[in-house]
1. Which of (1) part of a helix (DSSP H, G or I); (2) surrounded by fewer than 19 Cβ atoms within 10 Å (Cβ to Cβ); (3) at pLDDT below 75 does Val114 not meet, given it meets every other one?
2. Could you please tell me which pairs satisfy a Cβ distance under 8 Å, a separation of 6+ or placement on different chains, a first residue in the range 1-19 that is within 13 Å of Ala129 (Cβ to Cβ), and a second residue that is modelled with pLDDT under 80?
3. Which residue pairs have Cβ atoms under 9 Å apart, sit 6 or more places apart or on different chains, and have a first residue in the range 182-202 that is of a type outside the set (Lys, Arg) and a second that is not in a helix (DSSP H, G or I)?
4. Collect the residues in the range 136-172 that are touching a residue at least 24 places away in the same chain (Cβ under 8 Å), surrounded by fewer than 16 Cβ atoms within 10 Å (Cβ to Cβ) and either among the β-branched types (Val, Ile, Thr) or not in a helix (DSSP H, G or I) (or both), keeping them in residue-number order.
5. Looking at the range 220-253 only, could you name the residues that are crowded, with 17+ Cβ neighbours inside 10 Å and among the small types (Gly, Ala, Ser)?
6. Suppose we filter Asn46, Asn121 for residues that are at pLDDT below 90 and surrounded by fewer than 16 Cβ atoms within 10 Å (Cβ to Cβ); which single one remains?
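The values are calculated or read from the model by the stated rules, or taken from the named source; none is laboratory data. Keep in mind that what you see is a predicted model, and the values were worked out from it rather than measured. Quick reminder, even Gly has a Cβ in these numbers, built from the backbone with ideal geometry, and neighbours come from all protein chains shown.
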Amino acid sequence: MNASIFKHEVRARLRSVAIWSLAVAALVVVYFSFFAGFADQAELLNEMMARFPPEMRAAFGLDRMDLSTVLGYYSFIFLFVQLCLAIQASGYGFGMVSIEEAELTADFLLTKPVSRAQVLNSKLLAALAGLTLTNLAVWVSSFAALELFRSGREYAMGTLLLLLLSIVIFQLFFLSVGLVVSLLVKRVRSVTPYALGLGFGAYVLSAFSGVLGDVKLELISPFKHLDPAAIVQNAAYDAPLVLLNVAVSLAALAASYWLYLRRDIPAVS
């Protein structure tokens, strides 16, 4: 790792990290503040949910969630937190090397006395540092929201920790896949469409898998690998799907290094 590149990348992402961290923290606190009202009207809520089309309930995992319980309600919020984290991690993955290539400054960086491996190591660690800060914001806001608004209702701390620990695996998947895709295409002119496409695309696949049931779309969607409703329902991960998720992430990272070390970097003509 090169300390100068690492510090530069961290400083460049500070504003983005702050915005994403505040956004997900606000999402958790604001939405969980309505929990007491939902829990007090549990019977009415269940009747209302029963009127929804089965396909809609399956798409959002509502067929396996009890919104009158602390973790049932939190798992519903956590699904939208995952979507935010997916877009953030995807954006960092797509932009890790493509921004400098699009701005034609990558060749200047590579003239410095650092290897390509050191450059990618530094950028990757800086991206992980930013994602870790956002992860920390989710942890702090989640514990704060649950303590402030659970109205004395009990919940399983171990299951909550399983949900929060899944964030690291989830973020790494989108970061690594975003990085390898950016190296497979000729040039990423704008990171945002790619990040939104990967994040929402994976979510849509997960929703269709829930609706269609027998279609094994969960094999390619991290939203199914780490389904919050399933984690709360079973108080455990789906081990084969989590191992598949980790394997894809590691393979994408390995492929990214292989591609970057052999990549033809565009230069200013």
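1. With respect to (1) part of a helix (DSSP H, G or I); (2) surrounded by fewer than 19 Cβ atoms within 10 Å (Cβ to Cβ); (3) at pLDDT below 75, Val114 is out only on (1).
2. Pairs that qualify, where the first residue is within 13 Å of Ala129 (Cβ to Cβ) and the partner is modelled with pLDDT under 80, are Ile5/Leu109; Ile5/Val114.
3. Close Cβ pairs satisfying both conditions: Ser182/Val188; Leu183/Arg263; Tyr194/Val185; Tyr194/Val188; Gly201/Ser221; Ala202/Ile220; Ala202/Ser221.
4. Result: Val140, Ser151, Arg153, Glu154, Ala156, Val168.
5. Ser221, Ala229, Ala230, Ser249, Ala252, listed by residue number.
6. On inspection, the qualifying residue turns out to be Asn46.
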